[in-house]
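Q: Input: one structure, supplied below.
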Amino acid sequence: MHDSILTYARSRYLWIALALTLASLIAYIAYDPGGPPNGGTWLGYTLGTIGAALIVWLMLFGMRKRSYRNSPGTLRGWLSAHIYLGTSLILIVLLHSGFQFGWNIHTLAFVLMLVVIFSGFFGVYVYLRYPNLMTRNRDSATRVAMLDEVAEIDQNALALADGIDPKIHAVVLRSIQNTKLGGGVWTQLRARDGSDIALDSLHGALAERDKRTEMKTTEMPTMFAMVDFLAGRATDKQGEAMRSLIDLISRKKGLATKVARDMQYQAMMEIWLYIHVPLSFALLAALTAHIVSSFFYW
Amino acid sequence: MAERFKIAIVGSGPGGLSAAARAAERGESHVLLEAEPHLSNTIFRYQKGKFVMDEPGILPLRSPVPFKAGSRETILGAWDESATRLKINVRHGHEVSAIKQATGGGFELKCGNGQSITADFVVMGIGLQGNIRKLGCPGEDLPFVQYQLDDPDEYSGETIVVIGAGDAAIENAVALAKQNNVVIVNRKDEFARAKKGNEQAILKAIADGVIECYYNSGPERVDALSVGRKKGRMILNTSSGKAQILIDRVIARLGATAPRGFVEGCGVVFPNKDPASVPAISSQYESNVKGLYIVGALGGYPLIKQAMNQGYEVIEYILGNKVEPADEPLLKAKFVKMPGFRSVDEALARIQKNVPLLASITPLQLREFMLDSDIRILAPGETIFARNDYTNTFFSIVEGDVQVVVDEATNKRIALRRGEFFGEMSLISGRRRSATVLAGANCVLVETPRRSMNRLIASVEAVKRHIDEVFILRALQSRFAPEASADQLADVVAGARLERFKAGDVLFNEGEVGDCLHLVRVGSLTISRNIGGKDVVLSYVPAGNYVGEMALMGESRRSATARAAIASETVRLDGESFKKLVNRIPVLRLRLQSEYRQRTAANLAMQALPSGGDIISFLLAQGAGEATDILLIDESLCVRCDNCEKACAETHGGTSRLDREAGPTFANVHVPTSCRHCEHPHCMKDCPPDAIHRAPNGEVFIADNCIGCGNCERNCPYGVIHMSYKPPKKPGLIQWLLLGRGHGPGEAPHDAHDHAEGEIKKAVKCDMCKDVGGGPACVRSCPTGAAIRISPEEFPAYAQSRN
């Protein structure tokens, strides 16, 4: 049945990772290299080899994820192991280095590795938290269905506004044009849908109308401006239409916010991979340099 | 004085046209009566450019009219050409409204246009589509009155009246309203007949003022106008008087009249009320009315080539000639391995003599039946099928015997002998085989596929009755008392009755006095209790299990409500005779009591959960009750990476059969649009080449002989089948990485319009990766374990695991 990647197979890989780190720790404490702890000792080489092998294996996850036929094990098992063994890498590599750091390629590889691992931690956090948020936000609708509804509301709002006043029509049209969902990474992550910008223009249009009737409106949000219009100057029929228009626009606002948030969640679940994956390749390069240089400049 | 012909052929479809062509070729006096102004209306009405297949490929064509797989236009063109070349006497616009036996022999055919024709023989090839129902008022045949709409985008800026309130009318009206001024005319005051979505769409369009609607109205007259901008005028009878609309076009979508009424009016008898049943015809296609022959789909042969062969043969038979049926060599190839084979006729006679079940079917039905079936000759001890296999073929024993392993632990077996049949349980219930069957000595079997068997059951009442009787007896034996003899059970069997329930129907209510128990034969039930004013589902009862025994075992009142989860059939066993049986067989009482205890414990556990039953109710509301294996996604685990869809596409040549996002969600349980491998797959219902099968492990899949007709797509209530071109082959990972050829693994699917010339769209659906190994790719490729596949039997455990 359903269980999380952390508890997969009764957290089998957590225990394996714990055993691995514990064994490394005991070996590190028990082994006396006859000098300061160093990567060049017997234990240092062993830990280094384990660490390098782990890194290569962890990176194979990307290939495993994309090989869909006849691949060994379930992907979920692989991911569970990927998380736990990846975490154990921190200690194994620390022990391998014997806590020696400096401004060199070796420490660069270590730092890259930490960035990759911690971006992975962020990924785990996002994977555990965001699916629920996303489901709750969507409320059984699909994104396409929500977008369709937004488009439909736009059409209806335009038709309604057309019957009220050309100015209102222009304002609604502007608001539609300014509503932008999706876009660049930053827009997606900020969950802005752009309908806020439209409010300003709505406000401007109403302000101009108010100037003519010499009424003072300063910082009045659109919705209130419309209500004001409704109370003050409209005929009954216009008032009716205006009420429906306000309903529509607030409904659309709600929907647009939902879609924007949906995109935000989706973006959060993907954005970390843009650090995690490229840096893991950088790590692989740095690791290669580290190994080669270690042997050359013994 | 009516014109007189020797042979009158009604309907110019493949069967009728072929018959007329043969009659013309032989120089016989004949007439081909066709209601429409063109030949072969059913094929004429296919979508433009549709590719028509010539299944079954193995059957040779025998007709003066050519037929090869090709586009609709090529085929119709060739037929028109043959009709002219052979000088077929076609009468268009002759819709036959009645066929009567004339005094002094022969038939009198009355046509809708007032003409009357007499003939010695009648060949009926009217198919099953029926006649399009027309407006039924003056002007119904004007050129701007049409009964079909191919492409709504063809028209713009017109005033169009759509008549009808069904799905077709609504879909047409809504599509036309984009570019035209549309008026819809509804005879009633609501659109209740339409699908929910269509009803909402039309009501919305009316409310928005996009479409004008006349309720409680009907057409009185359509006139063509010669002056003014509009082509015509329609007068409507409305509830408040007459209304006149100036129009450019009328589109009437009033459905079709089923041909059955007409056929029965001619004196032809149908075996039962089942709408799928076809009239019984002799091996020479003659119906029970002497001199009246039936060919093609109406006689139960829906494929074009079969109908054409029959058209040819029927003329030869009428002329008194013997023709070796086109299927003779095919049958011979099947029978030749039978021990003591002499001739096809002798082999057919032997089968019919040895198997009483088949005694009552007509020679033609038997040939057809054998053409679909296989002769199996098995060595003693060979396994015919194993328990828990998902096969659903039906076996009749022609020679020798078979051993049914009743109890695997003790290896208790019973023998079935010559003339008996087996395999009916899985056929009827759509579930796994309930026992292993091994071949005995000299075993010769006829193995019949599900579809052919179901067709036979639907068309021959005696076969159905025979199978049902045996089913009840065996179900009792296998479910309750394997040790009881047929005599001991006779009482219970006599009191047993088959009952049908629609989805949601109640078998019995909590608190009622119980007087019977139900053994589920088809479908499944839910057991629920009213707790705090709310119906709480406690368990799910699939076919093969029983309900209602508790009230017979001491408690006199029903402790829970039993409801059909889907359309179901049960064997209702009378309480009194069942109690007697229990008293006679003490071990049965013990067995029932131990099951009773288990069930009560499970129900109590379920009742204790705050929302356990809600998840089951939700799943059943999604039609999961008829599933055998359903994909569920836990949305609290799903990271929306769509790797499941990618994996599906990758393992199935580039087309995903799964839509992760679509579908309802309840308490984080999401039911995506993906095949559930139903017990009785809706997609199998109407597949002309019989291309949809169930694999031994339960996967419902579509074989390569799919002709792309789209019936399965339309029949699937869950929208999990779609039509697709075969995508181009993808490069391997390394090749793609290094050479950049084509799309990489998991990359966007191919361009849907990109396909080879002459290639047709075929149906694609989930096959649960039966050919890939290691289980369904969607589940295996889910990185977070959000996707699982389970069967309805696991729902209670699943619901408990989520609390």
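Q: Mind counting the residues in the stretch B:612-639 that are away from chain A (no Cβ under 12 Å) and assigned to a helix (DSSP H, G or I)?
A: 11
Q: I would also like to ask the following. Of everything in the stretch B:129-139, what is surrounded by fewer than 17 Cβ atoms within 10 Å (Cβ to Cβ) and within 24 Å of B:Val263 (Cβ to Cβ)? Give them in sequence order.
A: B:Gln129, B:Gly130, B:Arg133, B:Lys134, B:Gly136 - these are the residues of the stretch B:129-139 that are surrounded by fewer than 17 Cβ atoms within 10 Å (Cβ to Cβ) and within 24 Å of B:Val263 (Cβ to Cβ).
Q: Test B:Ala565 against the criterion of being surrounded by 19 or more Cβ atoms within 10 Å (Cβ to Cβ) and either more than 28 Å from B:Asn530 (Cα to Cα) or in the same structural domain as B:Asp535 (by TED's automatic domain parsing) (or both), and give yes or no.
A: Working: surrounded by 19 or more Cβ atoms within 10 Å (Cβ to Cβ): yes; either more than 28 Å from B:Asn530 (Cα to Cα) or in the same structural domain as B:Asp535 (by TED's automatic domain parsing) (or both): yes.
Yes: the conditions hold for B:Ala565.
Q: Kindly check whether there is at least one residue in the stretch B:50-70 that is within 20 Å of B:Val122 (Cα to Cα) and assigned to a helix (DSSP H, G or I).
A: No; the residues of the stretch B:50-70 include none that is within 20 Å of B:Val122 (Cα to Cα) and assigned to a helix (DSSP H, G or I).
Q: Here's something else I'd like to know. Would you check if there is a residue in the stretch B:340-350 being assigned by TED's automatic domain parsing to the domain that holds B:Ile43, modelled with pLDDT under 90 and not in a loop (DSSP other than H, G, I, E, B)? It would help to see each step written out before you state the result.
A: So the first thing to find is which residues in the stretch B:340-350 are assigned by TED's automatic domain parsing to the domain that holds B:Ile43, and the list is none.
No, the stretch B:340-350 contains no residue that is assigned by TED's automatic domain parsing to the domain that holds B:Ile43, modelled with pLDDT under 90 and not in a loop (DSSP other than H, G, I, E, B).
Q: Right, here's the next one. Of the residues B:Glu36, B:Glu81, B:Glu73, only one is of a type in the set (Asp, Glu) and assigned to a loop (DSSP other than H, G, I, E, B); which?
A: Values: B:Glu81 fails: assigned to a loop (DSSP other than H, G, I, E, B); B:Glu73 fails: assigned to a loop (DSSP other than H, G, I, E, B).
Unique residue meeting the criteria: B:Glu36.
Q: On to the next question. Condition test on B:Val174, is it in a strand (DSSP E or B) and modelled with pLDDT of 85 or more? Steps first, answer last, please.
A: Numbers: in a strand (DSSP E or B): no; modelled with pLDDT of 85 or more: yes.
Spelling it out, it is not the case that B:Val174 is in a strand (DSSP E or B) and modelled with pLDDT of 85 or more.
Q: Here is a follow-up. Check B:Ile117 against each of (1) surrounded by fewer than 16 Cβ atoms within 10 Å (Cβ to Cβ); (2) over 34 Å from the mean Cα position of the chain (by Cα) and name the one condition it does not meet.
A: Unmet condition: (1).
Q: Taking the stretch B:550-597 only, how many residues are closer than 22 Å to B:Thr526 by Cα and β-branched (Val, Ile, Thr)?
A: Total meeting the criteria: 4.
Q: Name the single residue that is surrounded by the most Cβ atoms within 10 Å (Cβ to Cβ) among those in the stretch B:667-680 being more than 8 Å from chain A (Cβ to nearest Cβ) and at pLDDT below 90.
A: My answer is B:Glu679.
Q: Name the residue, out of B:Pro731, B:Pro749, B:Pro796, that is at pLDDT below 85 and surrounded by 21 or more Cβ atoms within 10 Å (Cβ to Cβ). Let's see the steps before the verdict.
A: Values: B:Pro731 fails: surrounded by 21 or more Cβ atoms within 10 Å (Cβ to Cβ); B:Pro749 fails: surrounded by 21 or more Cβ atoms within 10 Å (Cβ to Cβ).
When all the criteria are applied, what remains is B:Pro796.
Q: The conditions are (1) out of contact with any Asp or Glu (no Cβ under 6 Å at 6 or more places or on another chain); (2) within 14 Å of chain B (Cβ to nearest Cβ); (3) surrounded by 13 or more Cβ atoms within 10 Å (Cβ to Cβ), and A:Pro72 fails exactly one of them. Which is it?
A: Against the list (1) out of contact with any Asp or Glu (no Cβ under 6 Å at 6 or more places or on another chain); (2) within 14 Å of chain B (Cβ to nearest Cβ); (3) surrounded by 13 or more Cβ atoms within 10 Å (Cβ to Cβ), A:Pro72 comes up short only on (3).
Q: Sticking with this one: Whether any residue in the stretch A:228-242 is among the acidic types (Asp, Glu) and modelled with pLDDT of 85 or more is what I want to check. Steps first, answer last, please.
A: So in the stretch A:228-242, the residues among the acidic types (Asp, Glu) come out as A:228, A:236, A:240.
Checking the rest, the ones that are also modelled with pLDDT of 85 or more come to none.
Scanning the stretch A:228-242 turns up no residue that is among the acidic types (Asp, Glu) and modelled with pLDDT of 85 or more.
Q: Mind listing just one residue for me: the one in the stretch A:1-34 that is of a type outside the set (A, V, I, L, M, F, W, C) and on the phi > 0 side of the Ramachandran plot and, of those, farthest from the other protein chains (Cβ to nearest Cβ)? Reasoning before the result, please.
A: Within the stretch A:1-34, the first condition is being of a type outside the set (A, V, I, L, M, F, W, C), and the residues that meet it are A:2-4, A:7-8, A:10-13, A:21, A:24, A:28, A:31-34.
If we keep only those that are on the phi > 0 side of the Ramachandran plot as well, we get A:10-11, A:34.
Details: A:Arg10: 13, A:Ser11: 13, A:Gly34: 46 Å.
So, considering only residues that are of a type outside the set (A, V, I, L, M, F, W, C) and on the phi > 0 side of the Ramachandran plot, the one farthest from the other protein chains (Cβ to nearest Cβ) is A:Gly34.
Q: For the stretch A:112-136: of the residues being among the polar types (S, T, N, Q) and crowded, with 16+ Cβ neighbours inside 10 Å, which is nearest to the other protein chains (Cβ to nearest Cβ)? Even if it seems obvious, please write down each step before you answer.
A: First, pick out the residues of the stretch A:112-136 that are among the polar types (S, T, N, Q): A:119, A:132, A:135.
With crowded, with 16+ Cβ neighbours inside 10 Å added as a condition, the list becomes A:119, A:135.
Numbers: A:Ser119: 15, A:Thr135: 4 Å.
Taking the candidates together, the pick is A:Thr135.
Q: Please go through (1) closer than 16 Å to B:Ala475 by Cα; (2) surrounded by fewer than 22 Cβ atoms within 10 Å (Cβ to Cβ); (3) among the hydrophobic types (A, V, I, L, M, F, W, C) for B:Ile428 and return the number of the only condition it doesn't satisfy.
A: (2)
Q: Would you pick out the residues in the stretch B:646-663 that are buried (at least 22 other Cβ atoms within 10 Å of the Cβ) and more than 8 Å from every other protein chain (Cβ to nearest Cβ)? Before the answer, list the steps.
A: Step one: filter the stretch B:646-663 for residues buried (at least 22 other Cβ atoms within 10 Å of the Cβ), giving B:646-652, B:656-658, B:660.
B:Cys648, B:Ala649, B:His652, B:Ser656, B:Arg657, B:Leu658, B:Arg660 - these are the residues of the stretch B:646-663 that are buried (at least 22 other Cβ atoms within 10 Å of the Cβ) and more than 8 Å from every other protein chain (Cβ to nearest Cβ).
Q: Among all residue pairs at least 6 apart or on different chains, which show Cβ distances below 7 Å where the first residue, located in the stretch B:690-719, is over 26 Å from B:Gly663 (Cα atoms) and the second is surrounded by 18 or more Cβ atoms within 10 Å (Cβ to Cβ) and of a type in the set (S, T, N, Q)?
A: Qualifying pairs under 7 Å: B:Pro696/B:Thr391.
Q: Can you tell me how many residues in the stretch A:236-286 are more than 14 Å from A:Leu189 (Cβ to Cβ) and not in a helix (DSSP H, G or I)?
A: Of the residues in that region, 0 qualify.
Q: Looking only at the stretch B:456-470, which residues are assigned to a helix (DSSP H, G or I), touching a residue at least 24 places away in the same chain (Cβ under 8 Å) and crowded, with 20+ Cβ neighbours inside 10 Å?
A: B:Leu456, B:Ser459, B:Val463
Q: Quick one: is A:Val144 within 25 Å of the chain's Cα centre (by Cα), over 28 Å from A:Met263 (Cβ atoms) and surrounded by fewer than 15 Cβ atoms within 10 Å (Cβ to Cβ)? Give the derivation first.
A: Working: within 25 Å of the chain's Cα centre (by Cα): yes; over 28 Å from A:Met263 (Cβ atoms): no; surrounded by fewer than 15 Cβ atoms within 10 Å (Cβ to Cβ): yes.
Against the criterion (within 25 Å of the chain's Cα centre (by Cα), over 28 Å from A:Met263 (Cβ atoms) and surrounded by fewer than 15 Cβ atoms within 10 Å (Cβ to Cβ)), A:Val144 does not qualify.
Q: Okay, next question. Scan the stretch B:351-369 residue by residue and report those that are at pLDDT 90 or above and in contact with a Lys or Arg (Cβ under 9 Å, 6 or more places away or on another chain).
A: Scanning the stretch B:351-369 gives B:Asn354, B:Val355.
Q: Among (1) on the phi > 0 side of the Ramachandran plot; (2) surrounded by fewer than 14 Cβ atoms within 10 Å (Cβ to Cβ); (3) away from chain B (no Cβ under 13 Å), there is one condition A:Asp139 misses while meeting the rest; what is its number?
A: (3)
Q: Touching a residue at least 60 places away in the same chain (Cβ under 8 Å) and not in a helix (DSSP H, G or I): which single residue out of A:Gly182, A:Gly163 fits that description?
A: Values: A:Gly163 fails: not in a helix (DSSP H, G or I).
A:Gly182 is the lone residue from the list that is touching a residue at least 60 places away in the same chain (Cβ under 8 Å) and not in a helix (DSSP H, G or I).
Per-residue answers, yes or no, for (1) buried (at least 19 other Cβ atoms within 10 Å of the Cβ); (2) assigned by TED's automatic domain parsing to the domain that holds B:Ala496; (3) in contact (Cβ under 8 Å) with a residue 60 or more places away in the chain:
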| site | (1), (2), (3) |
| --- | --- |
| B:Gly533 | no, yes, no |
| B:Arg558 | yes, yes, no |
| B:Thr561 | yes, yes, no |
| B:Ser577 | no, yes, yes |
| B:Leu590 | no, yes, no |
| B:Glu595 | no, yes, no |
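Q: Now for a different question. Out of B:Asn181, B:Asn113, I need the residue that is touching a His at 6+ places or on another chain (Cβ under 9 Å) and free of Cβ contacts under 8 Å to residues at least 60 places away in the same chain. Which one? Spell out how you get there, then give the answer.
A: Numbers: B:Asn181 fails: touching a His at 6+ places or on another chain (Cβ under 9 Å).
Only one candidate passes the filter, namely B:Asn113.
Q: Answer yes or no as to whether B:Glu220 is more than 30 Å from B:Gly125 (Cα to Cα) and either without any contact (Cβ under 8 Å) to a residue 60 or more places away in the chain or surrounded by fewer than 19 Cβ atoms within 10 Å (Cβ to Cβ) (or both). Lay out the reasoning, then the answer.
A: Details: more than 30 Å from B:Gly125 (Cα to Cα): yes; either without any contact (Cβ under 8 Å) to a residue 60 or more places away in the chain or surrounded by fewer than 19 Cβ atoms within 10 Å (Cβ to Cβ) (or both): yes.
Considered against the rule, which asks whether it is more than 30 Å from B:Gly125 (Cα to Cα) and either without any contact (Cβ under 8 Å) to a residue 60 or more places away in the chain or surrounded by fewer than 19 Cβ atoms within 10 Å (Cβ to Cβ) (or both), B:Glu220 comes out as yes.
Q: Moving on. If I ask for residues that are within 10 Å of chain A (Cβ to nearest Cβ), part of a loop (DSSP other than H, G, I, E, B) and within 30 Å of B:Ala691 (Cα to Cα), which ones from the stretch B:763-803 would you list?
A: B:Cys769, B:Asp771, B:Val772, B:Gly773, B:Gly774, B:Gly775, B:Ser781
The values are calculated or read from the model by the stated rules, or taken from the named source; none is laboratory data. Note that the coordinates shown come from a computational prediction; the quantities given were computed from them, not determined experimentally. All Cβ positions, glycine included, derive from the backbone under ideal geometry; neighbour counts span all protein chains shown.
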